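The values are calculated or read from the model by the stated rules, or taken from the named source; none is laboratory data. What you see is a predicted model; the values in this text were computed from it and never measured. Cβ coordinates were reconstructed from backbone atoms using ideal geometry, including for glycine residues, and neighbour counts include every protein chain displayed.
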Ligand code: ARG
């Protein structure tokens, strides 16, 4: 009998998060948002705190962005920029309701001395950009179709000096790349093929032959909206099936409850931006 021994190695990360003190569902800009459904702000903060503590306990560094009243989606810190090799490509939000978040992120990075590149194209940061440092020498995967516009992919490539692979999202429920695809370590990804055009599915299959393939239940439970350090995979507790799949190939799933933030159309990854030096 052949036993495959997957040695998964965690790498220490630096993250940015923003407390959901002012979180609410006051407008609907994605199919998950229902302005008539009540949101429990106290529970939201509690669940978010557990998420932050989980990262800290894993040994990661978590920076905090100050939440602003009137910006209820600011908790989804992943959308404010995309950081690779110490360079920050800023966001330019599609919807007016979130536009002001970009300046808050920019101020954070500038105050910390990061090299900031201002965008002139619509893009929602890590919502639509993922980075896989050991895949093909360092690859940026980028989504378009709902939020980020295609010219932003070229702009990101010029800003960051890494090849960008454009992937077309085709299902409005999966309006950002990070709800349909995630890096699970430095070289591999997990994704839900049905969120992508047939051509983009082909591209992903060619680039990532060993990818973990997610199913309908995984994606609907926001399981793909995960954060991994290479070993520990923090993901929505509803995504039990995906947790099992990841465990079977040597990862260590860490489920967290984020029922309230799901009402805004987000989960683990949406709340966490990675700052890559
Ligand atoms: N309500 C937010 C929006 O529609 C959710 C953003 C989720 N963030 C993410 N990285 N997918 O813009």
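A few points about this structure:
- Apart from one condition, residue 43 fits all of (1) more than 16 Å from the ligand (Cβ to nearest atom); (2) part of a helix (DSSP H, G or I); (3) in contact with a helix residue (DSSP H, G or I) (Cβ under 6 Å, 6 or more places away or on another chain); (4) under 20 Å from residue 104 (Cβ atoms); the exception is (4).
- Exactly one residue out of 268, 233 is in contact with a helix residue (DSSP H, G or I) (Cβ under 7 Å, 6 or more places away or on another chain) and away from the ligand (no atom under 15 Å from the Cβ), and it is 233.
- Yes/no for residue 219 being at pLDDT 95 or above, crowded, with 24+ Cβ neighbours inside 10 Å and either out of contact with any helix residue (DSSP H, G or I) (no Cβ under 7 Å at 6 or more places or on another chain) or in a helix (DSSP H, G or I) (or both): yes
- Residue check for residue 154: farther than 22 Å from residue 184 by Cβ, touching a strand residue (DSSP E or B) at 6+ places or on another chain (Cβ under 6 Å) and assigned to a helix (DSSP H, G or I): no
- Verdict on residue 135 being away from the ligand (no atom under 16 Å from the Cβ) and in contact with a helix residue (DSSP H, G or I) (Cβ under 8 Å, 6 or more places away or on another chain): yes
- Meets criteria (buried (at least 21 other Cβ atoms within 10 Å of the Cβ), at pLDDT 95 or above and out of contact with any strand residue (DSSP E or B) (no Cβ under 7 Å at 6 or more places or on another chain)) for residue 101: yes
- Test for residue 127: is it within 16 Å of the ligand (Cβ to nearest atom), without any contact (Cβ under 8 Å) to a residue 60 or more places away in the chain, closer than 25 Å to residue 165 by Cα and touching a helix residue (DSSP H, G or I) at 6+ places or on another chain (Cβ under 6 Å): no
- Counted residues, the range 224-261 - those being buried (at least 22 other Cβ atoms within 10 Å of the Cβ), outside any strand (DSSP E or B) and free of Cβ contacts under 8 Å to residues at least 60 places away in the same chain: 6
- Subset of the range 262-277 [in a helix (DSSP H, G or I) and touching a strand residue (DSSP E or B) at 6+ places or on another chain (Cβ under 9 Å)]: 262, 269, 271
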